[in-house]
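The values are calculated or read from the model by the stated rules, or taken from the named source; none is laboratory data. Just so you know, these numbers come straight off a predicted model, no measurement behind them. All Cβ positions, glycine included, derive from the backbone under ideal geometry; neighbour counts span all protein chains shown.
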Amino acid sequence: MLLPVWFLTYLHAGKAWPVMVNARTSEVIGEWPYSALKITLAVGGRRGVVGRSRR
């Protein structure tokens, strides 16, 4: 049995995102919204920083 477990739901962009957290192991089960723009900017920014430091 996986107790205690926390159940929560948060709203983002009009959609409900359910999440479960096992309080004993801190394991999180659920999905989260992805932003393609933010991922692209993070990867691009990281490449710029790494590229400058290797010169």
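Structure notes:
- Residue, surrounded by the fewest Cβ atoms within 10 Å (Cβ to Cβ), within the stretch 6-27, restricted to residues that are at positive phi and free of Cβ contacts under 8 Å to residues at least 12 places away in the same chain: 14
- For residue 41, the conditions (1) exposed (fewer than 10 other Cβ atoms within 10 Å of the Cβ); (2) modelled with pLDDT of 85 or more; (3) not in a strand (DSSP E or B) all hold with the exception of (1).
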